[in-house]
Amino acid sequence: MISIRKALFNVVLAILALVTVVPFVWMLISSLSPNSEIVKIGGSLFPTPSTFQNYVDVHQNFNMLQMFVNSLFISILTTVIVIYTSSLVGFVFAKFKFRGRGLLFGVVLSTMMLPWAVTIIPRYEMMVDFGWLDSYKALVIPSVISGFGIFMFRQSISQISDSLLEAARVDGASDFFIFHKIILPMSRNTIASLAIFQFLWSWEDFLWPFLMISSQDKQLISVGLRMFNGRHGTDFGGLFAATSISIIPVIIVYIIFQKQFIAGIASGSGK
Amino acid sequence: MQKIFNFKNVIILLLVIHFSIFLIYPIYKAFAGSLHDWNPLIGQYDFVGFENFKHVLTNNLFWSAIRNTFIFVFFSVLFRIGVGLGLAVMLHSKLAKFKGFFRAIFYMPTVTPLVAVSFVWVWLYDPQFGLINKFFGLDINWLRDSSWALPAIIMMTVWKDFGYAMVMFLGGLMALPEDVFEAANIDGANRWQCFWYMTWPLLKPTTLFVVITSLITYLQAYVQILIMTEGGPGTSTYVISYLIFEEAFVRYNFGLASAMAVILFVMIAVLTAALFKISGEGEMPL
C-alpha cells in the first residue's frame with residue numbers, strides 16, 4: 001500500500017519534471033531538424049532530428065558565434081569585477097565602523113528595489129555625453145557595483161570571527177593583506193553563488209546592450225537573437241539553433257554548479 | 001595617527017563616487033526630467049511643470065497598461081507561489097525520491113535567459129507548428145487573440161519562475177522545527193490540519209519574502225512582452241514597464257517616460273511598504 005502510493009507520488013513528480021523540461025527538449029530537437037520538417041502540417045509532436053546544418057547556417061549568415069563569444073567575454077569580465085568589488089565593500093561594511101555606515105548600507109539595499117526604468121534614461125543620456133556609445137565601457141563600468149553582491153558578502157563576512165582578524169593585525173598584517181589572504185579564501189561559497197547569479201544576469205541582459213551597442217560585430221547574444229528573429233523570421237530551424245546556442249551553455253554551467261547554486265540562493269534569502 | 005587615505009576610506013570613497021555618478025545623479029535626473037519636455041533627438045529640455053504627469057494620467061493606454069500590469073502581477077505572483085509551494089511540499093515529503101534531481105530540474109527554467117526562453121514560448125504557442133496546440137489538440141492563436149495573450153504570457157512567466165519560489169519554500173520547510181510536528185501527530189492532527197494550522201503560518205516570512213521580491217520583479221517585467229506580443233494584440237498586453245520602454249526608446253519622449261518611471265517607482269515603494277505593514281500587524285500568534 002505504502003509502496004504503491006510512493007510510486008504514484010514519484011510518477012506525478014516525474015510528469016511535472018517532464019513538463020518543466022519539455023520546452024528545452026523540443027527546442028533542441030527542432031534545432032536539429034530541417035525547416036520543412038518543423039512547419040510540416042499534421043506532423044508528429046516532435047520533428048525528426050537529422051542535421052547540424054542550422055547551426056552552420058546561423059554561424060555563416062549571422063555570425064552568432066561571434067555574439068556568443070562577446071557575451072561570454074562581457075559576462076565573465078563583469079562577474080569577476082563585481083565579485084571583487086562586492087567582497088571589498090562587503091568586508092568594509094561588515095568589519096569596519098565609520099560615520100554614516102547605516103545610511104550608506106541602506107542606500108546599497110535600496111538599489112535592489114529601484115526599478116530599471118528610473119535610472120536607464122538618465123544613464124543612456126550620460127553614456128551619450130561620455131561618448132561611450134558602442135563601446136564595452138558602457139556595458140561594464142556602470143555595473144561594476146552590485147547592491148545584491150555587497151549585501152551577500154556583508155552577510156557572509158559578518159560571520160567571520162573578529163578575533164581572527166585581530167590576531168592577523170597584531171602580527172602586522174595590513175587590511176589589504178587580510179582581505180586577500182583571509183577574507184577572500186573564507187568566502188568561497190559566497191563567491192560561487194554570486195558568480196553564477198551575476199553571470200546569468202549579464203548573460204541575459206537585453207535592454208542595456210540593445211541601447212548601447214550598435215555594431216553587429218560587438219553585439220551580445222540576447223540582442224542578437226532578436227535581430228536574427230527580425231531578419232530571418234521564417235527560418236525556424238535557424239531560430240531554434242540560435243536560441244539553443246544562448247540557452248544550452250547556461251544549462252550546462254548550471255548542471256555542473258547546481259548544488260552550490262541552490263544552497264547559495266536559499267542562504268541569500270536572509271531568512 | 002591614522003592616514004586619511006587608508007584601506008577603508010579609499011573603498012568608501014570609490015563606492016560613494018560610483019553611486020553618485022551612476023545612481024544618485026540618474027535618480028535626480030529622472031525626477032527632474034519628469035517635469036520637462038525632454039527629447040534627446042532634437043535636444044529639447046524645457047520645463048513644463050506637471051504637464052507630463054497630467055498627460056500620462058489622462059491617457060487611456062496608460063490606464064489599460066496599469067490594469068494589465070496588475071492582472072499580470074497578481075496572477076504571476078499567485079501561481080508562482082502556488083506551484084512553488086506545492087512542489088516544495090511534495091519534495092519535502094518522505095514519499096519523494098531523487099529529491100536533488102527533481103529540485104535541479106524544477107529550478108532549471110529559472111536560470112535560463114529570458115529573451116531566449118520567450119522566443120521558445122512564441123513557437124510553443126504557434127498555432128501552426130506549436131507544441132501546445134498539437135499536444136492538447138487545441139486551435140487557439142494564443143498570442144494573437146486578445147483574450148488569450150496575457151494569460152499565455154502569465155503561463156510562460158510562471159513556468160520560468162516557479163523554481164525560485166520552490167527553492168525558497170524548501171529552505172523554509174527545512175528550517176521548521178520537527179518536534180512541533182511530531183507532537184501534532186501524536187495529538188491526532190491529520191496532514192491537512194498540520195499544513196493549514198502549522199506549516200503555512202510558519203512559512204509566512206518566506207511567503208512574504210517571495211511575494212515582495214516577485215512583486216518588485218513583475219512590476220518591472222517587459223522582456224517577455226517585448227519578445228512575445230509587443231503589447232498587442234490591440235493594447236491587451238501593454239504593461240507599464242513596456243510602455244515606458246516604448247515611450248523612451250521608440251518615441252524618445254524621455255519626459256513622459258520619466259514621469260511614468262516615477263509613478264512606477266512610487267507604486268513599488270508603496271506596495272512594498274504596505275505588504276510589510278499588513279504582515280507585521282496580522283502576525284498570527286503561535
Checklist line | Considering residues of segment A:120-134 that are surrounded by fewer than 16 Cβ atoms within 10 Å (Cβ to Cβ) and touching a residue at least 40 places away in the same chain (Cβ under 8 Å) only, the residue nearest to the other protein chains (Cβ to nearest Cβ) | finding: A:Leu133
Margin query: If the requirement is being among the small types (Gly, Ala, Ser) and buried (at least 19 other Cβ atoms within 10 Å of the Cβ), which of these qualifies: B:Gly33, B:Gly49?
Written below: B:Gly33
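From the residues in segment A:103-119 that are facing chain B (nearest Cβ under 7 Å) and without any contact (Cβ under 8 Å) to a residue 24 or more places away in the chain, which one is farthest from B:Thr217 (Cα to Cα)?
Taking the candidates together, the pick is A:Val107.
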Notebook entry, point to check: Within segment A:192-226, which residues are away from chain B (no Cβ under 11 Å) and over 15 Å from the mean Cα position of the chain (by Cα)?
Noted result: A:Met212, A:Ile213, A:Ser214, A:Ser215, A:Gln216, A:Asp217, A:Lys218, A:Gln219
Item checked: Condition broken by A:Ile247, with the remaining ones in (1) modelled with pLDDT of 85 or more; (2) more than 12 Å from chain B (Cβ to nearest Cβ) satisfied -> (2)
Next item on the list: Return the total of residues in segment A:1-54 being closer than 22 Å to A:Pro249 by Cα and among the hydrophobic types (A, V, I, L, M, F, W, C).
Entry: 13
Check: Taking helices (runs of 4 or more DSSP H) that do not extend beyond segment A:152-205, which have at least 1 residues that are within 20 Å of A:Ile247 (Cα to Cα), touching a residue at least 40 places away in the same chain (Cβ under 8 Å) and not aromatic (Phe, Trp, Tyr)?
Finding: A:188-204
Check: Which of the residues belonging to segment B:142-186 are surrounded by fewer than 17 Cβ atoms within 10 Å (Cβ to Cβ) and not in a helix (DSSP H, G or I)?
Finding: B:Asp145, B:Ser146, B:Ser147, B:Ala175, B:Leu176, B:Pro177
Next item on the list: Looking only at segment B:53-60, decide whether some residue is in a helix (DSSP H, G or I), more than 26 Å from A:Ile4 (Cα to Cα), among the aliphatic types (A, V, I, L, M) and without any contact (Cβ under 8 Å) to a residue 60 or more places away in the chain.
Entry: yes
Margin query: Give all pairs with beta carbons closer than 6 Å in which a residue from segment B:229-242 that is in contact (Cβ under 8 Å) with a residue 12 or more places away in the chain meets a residue that is of a type in the set (Phe, Trp, Tyr); count only pairs at least 6 apart in sequence or on separate chains.
Written below: B:Gly231/B:Tyr238; B:Gly231/B:Tyr242; B:Val239/B:Phe72; B:Ser241/B:Tyr222; B:Tyr242/B:Tyr222
Item checked: Among the residues listed as B:Leu226, B:Leu208, B:Leu215, the single one being at pLDDT 90 or above and within 9 Å of another protein chain (Cβ to nearest Cβ) -> B:Leu226
Margin query: Are there helices (runs of 4 or more DSSP H) fully within segment A:1-83 with at least 1 residues that are at the interface with chain B (Cβ under 9 Å from one of its Cβ atoms), over 29 Å from the mean Cα position of the chain (by Cα) and under 30 Å from B:Phe135 (Cα atoms)? List them.
Written below: A:2-31, A:35-38
Margin query: With the requirement that a residue be more than 11 Å from chain A (Cβ to nearest Cβ) and among the hydrophobic types (A, V, I, L, M, F, W, C), what does segment B:14-40 give you?
Written below: B:Leu35
Note to self: With the structure loaded, tell me whether B:Tyr252 is within 22 Å of B:Asn39 (Cβ to Cβ) and either more than 10 Å from chain A (Cβ to nearest Cβ) or not in a helix (DSSP H, G or I) (or both) or whether it fails that test.
What the structure shows: yes
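Only one residue in B:Leu124, B:Leu143, B:Leu150, B:Leu173 is under 25 Å from B:Ser76 (Cα atoms), free of Cβ contacts under 8 Å to residues at least 40 places away in the same chain and not basic (Lys, Arg), so which one is that?
Numbers: B:Leu143 fails: free of Cβ contacts under 8 Å to residues at least 40 places away in the same chain; B:Leu150 fails: free of Cβ contacts under 8 Å to residues at least 40 places away in the same chain; B:Leu173 fails: free of Cβ contacts under 8 Å to residues at least 40 places away in the same chain.
Exactly one residue qualifies, and that residue is B:Leu124.
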Item checked: Residue within segment B:104-125 that is more than 20 Å from the chain's Cα centre (by Cα) and in a loop (DSSP other than H, G, I, E, B) present -> yes
Next item on the list: Starting from segment B:88-104, take each residue that is more than 8 Å from chain A (Cβ to nearest Cβ) and list its partners that are surrounded by fewer than 16 Cβ atoms within 10 Å (Cβ to Cβ) and of a type in the set (A, V, I, L, M, F, W, C), counting only C-beta distances under 8 angstrom and pairs at least six apart or across chains.
Entry: B:Val89/B:Phe195; B:His92/B:Met174
Checklist line | segment A:84-94, residues that are in contact (Cβ under 8 Å) with a residue 40 or more places away in the chain and more than 9 Å from every other protein chain (Cβ to nearest Cβ) | finding: A:Ser86, A:Ser87, A:Gly90, A:Phe93, A:Ala94
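The values are calculated or read from the model by the stated rules, or taken from the named source; none is laboratory data. From a predicted model like this one, the values you see are computed outputs, not experimental measurements. Glycine also receives a Cβ, built like all others from the backbone with ideal geometry; neighbour counts cover every protein chain displayed.
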